[in-house]
Amino acid sequence: MTTRIHTQTEPSFEKITQTFIHEFLSENSALSQCPAVRELTADGLENPEQNAARSVVPEKGRSLEEVIRELKNEIFTYGYETSHPRFFGFVPSTASRLSWLGDIMTSAYNRHAGSLANFPRGCQTENELIRWLCDSAGFPGTAGGLFVSGGSMANMTALASARDALLSEPDWSRGVAYVSEQTHSSVAKSLHLIGISTDRIRCLPTDRNFRMNTALLEAAIQKDLDRGLLPFTVIASAGTTNTGSVDPLSEIAAICRRYHLWMHVDGSFGASVLLSGRHRDLLSGIELADSLSWDAHKWLFQTYGCGMVLVRDRKNLANSFHAHPEYLKDLELEEEYLNPWNLGPELTRPARGLKLWLTLQVMGSGAIAASIDHGFEMAEYAEQLLARIPETEILSPAQMAVINFRFSPKELSEEEKDSLNLQISKQIVSSGYAGVFTTELNGKKVLRLCFIHPETTKEDIRNTLGLLEKYCRRLLKKTLRDEIPA
Ligand SMILES: Cc1ncc(COP(=O)(O)O)c(C=O)c1O
């Protein structure tokens, strides 16, 4: 006897699916009128009754309608709506509906995109898109790359290639990598994964604009060489997470050439600016990198799970990741870099690039460029407004689409200012109106706003800053033991 993996009869499955799509699209089109955050309190998370019901896998299956309702109302409802035009935390994933549709299609067909034989047109389309992205970065004809799950995977994949290109296995323990204080935490994870111990990672101070200090970089490399160590890679950032700062890429490239090091650029956030006619120059020097991480689920408006690793010479990826097991011999190609499974750690993978392809085809590069420029404009607008709000201090001006500031009333100590800004963030998050979180710069707690949503309006920004100011006043009154207004 066979068991069907679909329990519903087909017509009912189809109807339920259509209803879900219909409901999702209508909710999604009204997103800006919904809360940007729906918090689930610790009490809610630990509700034993609800948890017990969910943790049981029933012996006899439940109705699809009921399970979908539970997923919608009890699971997906809570948390941060990172596609909301007033979600300004992290680097939000502002997912276009086009990407969502591409994602549905990719999952619907569920093609194995590990090799050209499995999914010829899919892999070819991804490879052509990778070529276009390499051209956008100014990489040479030898360049290539791969769609991976995000910036962390892109960094790990690139750094594995850097290690293999420059260090022989017995020398791994002497290899040294250089990062800055503002380098994303995924780089430290990647270095750990590729076998570089923490005492072989030099974390360099940044200048007052949060950019890697290249004089200190060169001195550190020289010192390590003098100690008999093997400097092998510098990780520069094109758009740091905290401030959007871009390291001096051309200078870093010159140092890497001088010392024969691999230059990796983490452009997970900022590389999308390559597609902006107006701001592309900010990334000048990126074309000299040996590898580049670029996240499409950040500033290219994709649903999660879409990043790119690009390398100056695709053979380097193949050298690190190719594998030729006997059970895949039928699918091997002369040019091994054409099969994605030879370019990164995954064997089975979805064709992550197709949703980006769909988005770019439908929007066109002009609309993408305009959407990216909008982020810059919104951050500059916020900066102008902040200049008019008393007692605010800008710790990092508008860079890319990010600005960092804090409320800094003179009468408070540094510790109290940290606590005040943290409380302000907590209050706006609890209100659901906007997602605004803190980070730390120069040892100070600051409010960080990242404006990459193309539908964020000036009104959203005015209202958000107005609310932050209101919370600040209320908290100050409370601190000074005055009555809190109703
Ligand atoms: C600069 C930078 N690099 C890497 C990452 C990690 O990317 P992902 O979360 O896609 O793994 C991020 C994420 O915010 C980032 O901002």
**OP:** Take ALA42 and decide whether it is more than 18 Å from THR456 (Cβ to Cβ), at pLDDT 95 or above and of a type in the set (A, V, I, L, M).
**Re:** no
**OP:** Would you mind stating whether PRO350 is outside any helix (DSSP H, G or I) and modelled with pLDDT under 95?
**Re:** no
Subject >> Out of ILE194, ILE221, ILE235, sole residue that is over 23 Å from the mean Cα position of the chain (by Cα) and of a type outside the set (D, E, K, R) >> reply: ILE221
Subject >> Members of segment 318-348 found to be under 14 Å from ASN127 (Cα atoms) and touching a residue at least 60 places away in the same chain (Cβ under 8 Å), listed by number >> reply: TYR337, LEU338, ASN339, PRO340, TRP341, LEU343, GLY344
Original post:
Of these, ILE452, ILE424, ILE461, which one is under 25 Å from THR94 (Cβ atoms), in contact with a strand residue (DSSP E or B) (Cβ under 7 Å, 6 or more places away or on another chain) and modelled with pLDDT of 95 or more?
Top reply: ILE424
Original post:
Is it the case that GLY138 is surrounded by fewer than 18 Cβ atoms within 10 Å (Cβ to Cβ) and in contact with a helix residue (DSSP H, G or I) (Cβ under 6 Å, 6 or more places away or on another chain)?
Top reply: yes
**OP:** Return the only residue of GLY228, GLY244 being over 19 Å from GLU181 (Cα atoms) and part of a loop (DSSP other than H, G, I, E, B).
**Re:** GLY228
Original post:
Which of the residues that make up segment 393-419 are without any contact (Cβ under 8 Å) to a residue 60 or more places away in the chain and of a type in the set (Ser, Thr, Tyr)?
Top reply: SER408, SER413, SER419
Original post:
Mind checking whether some residue in segment 322-344 is within 16 Å of the ligand (Cβ to nearest atom) and at pLDDT 95 or above?
Top reply: yes
**OP:** Please work out which residue is nearest to the chain's Cα centre (by Cα), limiting yourself to segment 167-191 and to residues that are more than 19 Å from PHE321 (Cβ to Cβ) and of a type in the set (Gly, Ala, Ser).
**Re:** SER185
Subject >> Subset tally (residues that are in contact with a strand residue (DSSP E or B) (Cβ under 8 Å, 6 or more places away or on another chain) and either under 26 Å from GLY195 (Cα atoms) or of a type in the set (A, V, I, L, M) (or both)) for segment 242-265 >> reply: 13
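The values are calculated or read from the model by the stated rules, or taken from the named source; none is laboratory data. Note that the structure is predicted; figures quoted are calculated from it, not measured. All Cβ positions, even for glycine, are placed from backbone atoms using ideal geometry, and neighbour counts span all protein chains on display.
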